[in-house]
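The values are calculated or read from the model by the stated rules, or taken from the named source; none is laboratory data. Note that the structure is predicted; figures quoted are calculated from it, not measured. We place every Cβ from the backbone using ideal geometry, glycine too, and count neighbours over all the protein chains shown. Calculation scope for accessible area: heavy atoms of the full protein, side chains included, ligands and nucleic acids excluded. Shrake-Rupley method; radii C 1.70, N 1.55, O 1.52, S 1.80 Å.
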Amino acid sequence: MKVYEKAPAKINLLLDVLRKRSDGYHEVEMVMTMVDLADRLEMEELPRDTIIISSQAGFIPLDEKNLAFQAAKLIKERYEVKQGVYIHLDKKIPVAAGLAGGSSDAAAALRGLNRLWRLGIPDEELQALGAELGSDVPFCVTGGTAIASGRGERLQPIANPPQCWVILAKPPINVSTADIYGRLRADRITEHPSLADMVQAIDGHDFYGVCRSLGNVLEDVTLPLYPEVQQLKDAMVKLGADGVLMSGSGPTVFGLVSRESKIARIYNGLRGFCKEVYAVRLLGSRQGS
Ligand code: ATP
């Protein structure tokens with residue numbers, strides 16, 4: 001038997017860091033939503049007690065370092081599953097881009113294996129398993145739009161933002177999330193984005209309000225280190241995107257655009273100097289709905 005799952009990329013409409021905790025993690029406040037750019041996982045049951053990962057993408061680990069492998073191992077151990085699984089990852093989400101590709105693959109593996117092995121695990125329990133794999137995994141289990149707090153694992157679902165186009169552009173550099181958080185001085189952040197303003201704009205279906213409320217405190221760390229990210233932001237604004245922000249710890253920059261007629265100009269303008277550009281829609285609905 002085989003099952004298939006889509007693993008969409010996430011963007012942060014808002015990313016704030018409140019403080020560094022005594023356990024070394026940062027206390028964050030984020031608004032996350034998903035975009036229609038997705039990896040695809042094919043999962044096939046194996047009679048042998050083994051986990052095999054394959055992918056056409058040459059630059060991700062295929063062993064126990066792969067987050068989909070870790071998800072399969074965790075679910076097998078916790079629910080004493082004796083069968084094995086072959087997982088093929090069709091990667092479309094750029095790697096180490098700030099789009100949570102690995103986390104979404106892990107979440108999709110949890111959802112898919114729950115179905116493949118008929119385990120009947122409820123979403124909340126899958127999310128708790130996901131939290132053991134990474135802070136963004138619980139959100140990726142259900143998707144939709146949510147406020148994430150704590151390490152990112154405490155979730156409060158909210159309405160989806162008004163539908164729009166999302167232009168994503170990734171400069172040819174890889175940014176390590178751990179490195180960016182490691183360099184952040186949480187006590188020196190001078191300007192925090194307003195979660196209340198973002199939630200009010202989303203609730204009011206106010207697209208331009210969402211654009212005005214975009215904010216990511218990690219830009220203060222990533223932009224000075226990688227000037228090409230700032231250049232992409234400037235270019236997107238100049239080309240007419242309505243709201244522009246770096247996603248996660250970067251280096252991907254996204255632009256929200258309400259009018260379809262602007263897309264070709266922005267896309268082509270960016271493609272002039274950046275190879276990886278995508279024009280997609282917000283995903284909106286929760287996974288499985
Ligand atoms: P986040 O925004 O959650 O930090 P990211 O988009 O910046 O994530 P990923 O694409 O998840 O980063 O990749 C981060 C690292 O995780 C990569 O360097 C890669 O080696 C490793 N990795 C493990 N499993 C996967 C996977 N299934 N897909 C992509 N990368 C993976």
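Consider segment 105-117 and keep the residues that are more than 9 Å from the ligand (Cβ to nearest atom) and closer than 29 Å to Pro171 by Cβ. The one that is surrounded by the fewest Cβ atoms within 10 Å (Cβ to Cβ) is Ala108. Taking the condition in the same structural domain as Met30 (by the TED database), under 14 Å from the mean Cα position of the chain (by Cα) and farther than 18 Å from Ser213 by Cβ, does Gly150 pass? Against the criterion (in the same structural domain as Met30 (by the TED database), under 14 Å from the mean Cα position of the chain (by Cα) and farther than 18 Å from Ser213 by Cβ), Gly150 does not qualify. Restricting the search to segment 228-262, which residues are assigned to a strand (DSSP E or B) and open to solvent by 10 Å² or more (accessible area, probe 1.4 Å)? Hit for segment 228-262 is Val244, nothing else.
Please verify whether Ala148 is at pLDDT 95 or above, under 24 Å from Asp105 (Cα atoms), surrounded by 17 or more Cβ atoms within 10 Å (Cβ to Cβ) and of a type in the set (Gly, Ala, Ser), treating the condition exactly as stated. Yes.
When Val17, Val81 are checked against the criterion of being open to solvent by less than 20 Å² (accessible area, probe 1.4 Å) and over 20 Å from the mean Cα position of the chain (by Cα), Val81 stands alone in meeting it. When Gly144, Gly102, Gly120, Gly130 are checked against the criterion of being away from the ligand (no atom under 13 Å from the Cβ), over 15 Å from Met32 (Cα atoms) and small (Gly, Ala, Ser), Gly120 stands alone in meeting it. Tyr181 passes every criterion in (1) within 18 Å of the chain's Cα centre (by Cα); (2) open to solvent by 20 Å² or more (accessible area, probe 1.4 Å); (3) among the aromatic types (Phe, Trp, Tyr); (4) under 24 Å from Leu282 (Cα atoms) apart from (4). Only residues that are surrounded by 12 or more Cβ atoms within 10 Å (Cβ to Cβ) and either within 16 Å of the ligand (Cβ to nearest atom) or modelled with pLDDT under 95 (or both) were counted across segment 184-196, and they come to 3.
Taking segment 52-70 as the range and being within 13 Å of the ligand (Cβ to nearest atom), of a type in the set (A, V, I, L, M) and over 16 Å from the mean Cα position of the chain (by Cα) as the test, the residues that pass are Ile53, Ala57, Ile60, Leu62.
Kindly establish whether Ile75 is open to solvent by less than 20 Å² (accessible area, probe 1.4 Å), at pLDDT 95 or above, part of a helix (DSSP H, G or I) and out of contact with any Gly (no Cβ under 6 Å at 6 or more places or on another chain). So Ile75 passes the test.
Within segment 152-178, the set of residues being open to solvent by less than 40 Å² (accessible area, probe 1.4 Å) and more than 16 Å from the ligand (Cβ to nearest atom) comprises Ile158, Pro161, Pro162, Cys164, Ile167. Checking each residue in segment 221-277 for being among the β-branched types (Val, Ile, Thr) and in contact with a Ser or Thr (Cβ under 9 Å, 6 or more places away or on another chain) picks out Val221, Thr222, Val229, Val253. Does Arg48 meet the test of being part of a strand (DSSP E or B) and loosely packed, with under 15 Cβ neighbours inside 10 Å? Against the criterion (part of a strand (DSSP E or B) and loosely packed, with under 15 Cβ neighbours inside 10 Å), Arg48 does not qualify. In the set Gly269, Gly250, Gly255, only one residue is touching a helix residue (DSSP H, G or I) at 6+ places or on another chain (Cβ under 6 Å) and more than 30 Å from Arg151 (Cβ to Cβ); that residue is Gly269. For Val199, are the conditions met, namely being surrounded by 15 or more Cβ atoms within 10 Å (Cβ to Cβ), outside the structural domain of Gln230 (by the TED database) and aliphatic (A, V, I, L, M)? So Val199 fails the test. Considering only residues that are more than 8 Å from the ligand (Cβ to nearest atom) and under 29 Å from Phe254 (Cβ atoms), which ones fall in segment 71-95? Once the filter is applied, which keeps residues that are more than 8 Å from the ligand (Cβ to nearest atom) and under 29 Å from Phe254 (Cβ atoms), segment 71-95 yields Ala71, Ile87, His88, Asp90, Lys92.
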